[in-house]
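Derivation of every value follows stated rules applied to the coordinates shown; laboratory data play no part. Not measured: the values here are computed from a predicted model. Heads up, the Cβs are rebuilt from the backbone with ideal geometry, glycines too, and the neighbour counts pull from every protein chain shown.
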Amino acid sequence: MFKRASRTLLPPPLIYLLFLGGAWLLHALFPVELPGSLWSHYFGWGLIDAGLLLMLWAGLLMLWRKTTVNPYGKPARLLEEGPFRFSRNPIYLADTLIYCGIALLWGSLWPWLLLPAVIVTMQRGVIVHEETLLAELFGEDYRAYCGRVRRWL
């Protein structure tokens, strides 16, 4: 039987989608509109585009270096190049950029109020487990990497 390498309970994109769904439901029940403008529309799409490009960059690098993109998989190597030079979690950073872009396009206060909960959920429910696994697999190399590169930015 397959044993997960990570103790992550939900796939990270699903966590973001659940919070977006919760924000949508809260807005449907208790609408709190934010003033919109043309800049928020363009900035929202800009964040979504930046998130997609960052995700693509990190994902392709992981595939090229033959390590897993799957949060339940066992990483084959520690990546310290590309977007991993400035963030230990560039794909989760990309997910957060996309979330913020969607929040700007919606023009609702609810996704912004839920954003800290999204980040805490990712931190405690996903990232801590992945960091434990990486420390077990890569030891001192991973600890040195953590000393050089921040978790998010």
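Amide H contacts under 5 Å for Ser108: Leu34, restricted to partners 5 or more places along the chain or on a different chain, H placed in the peptide plane at 1.01 Å from N.
Helical runs (DSSP H, four residues minimum) scored at -39500 (n - 2.57) apiece and divided by the length of the chain put the mean residue ellipticity at 222 nm at -21500 deg cm²/dmol. By the count of neighbouring beta-carbon atoms within 10 Å, fewest first, Lys74, Lys66 end up ordered Lys66, Lys74. Computed over the chain, the percent of Cα pairs more than 23 Å apart is 41.
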